[in-house]
1. Determine, for each peptide in 210-218, 118-126, the mean count of other beta carbons within 10 angstrom over its residues, then list the peptides with the highest first.
2. Any idea what diffusion coefficient segment 93-238 gets from Stokes-Einstein, in µm²/s, Kirkwood Rh on alpha carbon pairs, 10 °C, 1.306 mPa s?
3. If amide H atoms are built 1.01 Å from N in the plane of the peptide, which residues on other chains or at least 5 residues away come under 5 Å of the amide H of R147?
4. Carbon-plus-sulfur fraction of the accessible area of segment 129-187, 1.4 Å probe, in percent?
5. To two decimal places, what compactness ratio does segment 103-160 give when its Cα radius of gyration is scaled by 2.2 N^0.38 Å?
6. Cα convex hull of segment 316-361: mean projected area in nm², to one decimal?
7. Please calculate how many Å² of accessible area segment 173-226 carries per residue, with a 1.4 Å probe and no DNA, RNA or ligand atoms counted.
8. If amide hydrogens are placed 1.01 Å from N in the peptide plane, which non-local residues have theirs closer than 5 Å to the one on A85?
Amino acid sequence: MRTADPLRPARLSPGDVLRTGAVGLRARRARVVLSALGIALGIATMVTVVGLSESSRADLMARLDRLGTNLLTAEAGEDAHGSPAVLPRNAVAMVERIGPVLHATATAEVDARIRRSDLVPVERTAGVTAQAARTDLLAALGAEVERGVWLDRARERLPTTVLGSVAAERLGVVRPGETIMMNEVRVVVVGILRPVELVPTVDRVALVGFPAAERHFGFDGHPTTVFERSTDASVAEVRAVLARTVSPGDPAAVKVSRPSDALAAKAAADEGLTALMLALGAVALLVGGVGVANTMVISVLERRQEIGLRRALGATRGAIRLQFVTEALLLSACGGVAGALLGAVTTYGFARAQGWSAVVPPWSLAGGLVATLLIGVVAGLYPAVRAARLHPALALNAV
């Protein structure tokens with residue numbers, strides 16, 4: 001005589017598990033939206049921070065590639081007695097003798113007070129200084145004239161000037177042909193420069209030719225800053241000998257720098273800020289996880305009769321745990337997907353507004369979704385265990 005097969009608890013298929021977990025979410029839509037919002041904001045913050053950081057870094061690297069990292073400057077500092085150092089008049093010619101150097105030029109400080117007109121008091125200079133410049137300065141710096149023309153062999157000998165972008169704004173000069181006062185000399189503005197990214201100090205000066213500076217403002221012909229460009233592979237070698245070449249008698253009085261280092265430092269500073277913002281995003285994500293856990297605990301309390309009925313009909317504790325963990329996972333996943341989309345859209349919009357190429361690393365989206373699933377498991381585990389421990393009789397009698 002055959003014995004009856006032992007009874008085995010029914011197993012839910014993956015589809016049944018998803019449908020069962022979604023029932024609780026559909027029944028409490030307002031609460032689900034508010035709970036998922038915390039997850040969405042946390043993920044959106046993290047994706048946006050990473051995306052904007054990568055977009056900014058990509059734009060910065062593109063600017064460095066365009067501007068070049070092979071520009072070095074040698075500036076006059078102080079000598080051993082603390083007095084301002086004086087570079088030799090032929091400093092540019094000496095730098096050009098360095099083998100790898102492709103181009104060398106110079107600027108020099110000029111003792112001239114700049115005013116908009118002779119009606120403006122002498123002490124009101126608007127923060128604009130005067131510098132003498134060689135005609136090949138723009139080629140060395142990679143600068144461009146926005147309006148008007150640059151100094152040529154004729155204009156460098158005349159009382160004419162080219163203003164930096166900030167200097168023109170401060171003086172109220174909007175077009176070439178206007179005049180300004182340099183000391184008591186009326187000077188014609190022949191051009192206005194675009195912003196010079198590598199050497200922003202040029203934006204705040206009025207540039208005149210070396211011969212004009214010597215003739216009208218008592219300039220002695222000694223440069224204060226030498227600019228040179230060399231091959232990329234030889235920048236370090238040129239940097240090592242540049243100060244000694246510019247000032248053989250006192251190389252310690254010459255300060256050598258690479259302007260592109262400032263942009264590279266900005267990238268490093270952006271990395272620190274990105275880490276800080278990611279930490280804030282993680283805090284927002286943690287708050288969202290607490291919201292999910294709170295929602296699930298309340299759901300267990302409200303659905304005790306449902307849990308008791310399912311247990312009375314044969315549902316195992318494992319099935320109950322799986323139901324509530326799945327519900328928490330679905331809740332977190334909804335918030336994660338919405339947050340990832342929101343972060344990507346925000347990154348794209350802000351990057352386009354800044355003129356950057358929008359970059360959203362795939363790993364940031366994948367990492368955000370994985371984080372939401374982990375949050376869902378952790379947030380739903382305690383409520384799921386609590387629901388599974390409810391006794392069927394007590395749960396059915398709950399009010």
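The values are calculated or read from the model by the stated rules, or taken from the named source; none is laboratory data. Just so we're clear, the structure is a prediction, and the values are computed from it rather than from any experiment. Glycine gets a Cβ as well: all are built from the backbone with ideal geometry, and neighbour counts include every protein chain shown. What goes into the accessible areas is simple: the full protein's heavy atoms, side chains included, and nothing from ligands, DNA or RNA. Shrake-Rupley method; radii C 1.70, N 1.55, O 1.52, S 1.80 Å.
1. Per-residue Cβ counts within 10 Å, averaged per peptide and sorted highest first, yield 210-218, 118-126.
2. Once the numbers are plugged in, D ends up at 102 µm²/s.
3. The list, which skips near neighbours in sequence, is I192.
4. Taking all protein chains in place, segment 129-187 shows 49 percent carbon and sulfur surface.
5. Cα-based Rg divided by the globular estimate yields 1.32.
6. Averaging across all directions leaves 3.5 nm² for the Cα convex hull.
7. 40
8. When sequence neighbours closer than 5 places are left aside, the close amide H contacts are G77, E78, D79.
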